[in-house]
Structure formats: structure tokens, C-alpha cells
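All of the numbers you see were taken from the coordinates with simple rules; none came from a lab. Values in this document were obtained by computation on a predicted structure and should not be read as measured data. Here the Cβ positions follow ideal geometry from the backbone for every residue, glycine too, while neighbour counts run over all protein chains shown.
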Amino acid sequence: FIASEITGNPTDSSITINIVPAADMEVSYEYGTAPGVYTSTTALQHAAAGMPLETVIDGLQPDTRYYYRINYKGKTGSEHTFITQRAKGSTFTFGIQGDSHPERTKNQFNPDLYTRTLLSAAADMPDFYFTIGDDFGVDTLKNVNPETVQEQYINQRQWLGLVGAPVFLVNGNHEQAALANLDGTPDNVAVWAQTARNALFPQPAPDGFYTGDAEQV
């Protein structure tokens, strides 16, 4: 896989899983409510090389922990877990990070320390995980185009995938996704950044569960 699997958009009855395969393959997911016991399987899907593929597992029970793994090319992936929306008033656990800047490997970023940090967060089994900005540095790129911007989001996947929880992304100034950068055309850094986010991370939008600005940009 070009990017390890990552989850997002948790609801009271569903979860979304995103993968980016390195080769054409057929994939499905096994899942259940006990570790190592998979009582349900999703339909087989074709995953094209280099193209993000999102799968929604729905029909789930609220306030329930599930365990799942991917099937591909006669192989099975590692087991992961998530929990659907908890009952109102319940306690829950979440994690927050910011300013990770994995593109700054020469002066402000230590990949080993970042890995240890995210594995420590994973040990808490958070219900969900926030990035709160400057986790995808775009403004330091020598050549800014859709491909180089997307590379920043693919690069971050290898780490955020370690958390093992649905990820919610918040923009900072270094993501360059501000309204001020929009110029009415699709050829600007704000559009490229949000396109990469939407393709590589399951992001919520207004629907029957999430609320928010419904304007299409």
C-alpha cells in the first residue's frame, strides 16, 4: 500500500476506511464485536493502483466497539478497532496534536520521536483524534502543484495511521487552505490542499449525522 489504512467519519452506525493500494487488487473487510472474531464481511471492491478507495461499513450498532481487518490478494491485514458514537453522557477518550511538520526533517521534525508519540496515543485507544493545524506543510514546497501537495498528505498517513482511531483534520496557516487563497479557479493551492484532504482522509460533510456549511467550493 502507498498509504496505510486510516479511518474517519465515525457515526452512530458507520465508519469509513480509506486505503491507497500500490497495485490493482480486490479488497474486503471482515469485522465483528470481539477481537479476532469476524462475523460480517463487506462486499468485494476493486481497488486501482495509486487511487484512494473509501469503504463505508454501515448498519452497525451505536455505542459499540468493533474490530476489523482488511482482506486483499489472499492476505489479511492487522486487526484494528473503532467505536461507534457513544451514548449521550458517556465518558470518552480523544487525542489532539498540532504542528507536527513532518516535511521539516532537517531542523524541526524527529520521525522516531513522532512515531513514539503516536503509538503512545494509540495505547489510550482514543475514540477519535484531531490534528489542529500545521501538520501538512505546503508553504515550504519548492514546486507547488497538485502532485507535490498530495505528497504531503500521503507522507503524513504513515504516521497518523499508527493512532488507530478516526482522524479529523483542522487547517492551520501552513496548510495554505485559507479562503484568501481561492481565486475562483481550480488552479490554486487552497483547492489542491482540500482536494488532497478529501481524497486521502475521510472528511465529514453535512449529512444526516454531521452538520456544517453545505456550500460546495
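Distance from the Cα centre of segment 56-114 to that of segment 188-203, in angstrom?
Rounded to whole Å, the Cα centres lie 19 Å apart.
Given the peptides 209-215, 92-98, 110-116, arrange them by the average over their residues of other C-beta atoms within 10 Å, most packed first.
Going from most to least packed, we get 92-98, 110-116, 209-215.
I need the P(r) histogram for segment 19-111: all alpha carbon pairs, bin width 10 Å from 0 out to the longest distance, whole percents.
Cα pair-distance distribution for segment 19-111, in percent: 13, 32, 29, 23, 4.
Cβ neighbours within 10 Å, averaged per peptide: list 186-197, 162-173, 48-59 in order, most packed at the top.
Those peptides, ordered most packed to least, come out 162-173, 186-197, 48-59.
Taking the Cβ of Glu30 as the centre, find all other residues whose Cβ is under 12 Å away and add up their charges (Lys, Arg: +1; Asp, Glu: -1).
Taking every other residue near Glu30 into account, the sum is 0.
Below 26 Å, Cα to Cα, which lysines can Lys106 reach? Residues fewer than 8 away in the same chain don't count.
Leaving aside lysines fewer than 8 places away in the same chain, those within reach of Lys106 are Lys142.
Per the Kirkwood formula on distinct C-alpha pairs, the Rh of the chain is how many angstrom?
Final number for the Kirkwood radius of the chain is 18.2 Å.
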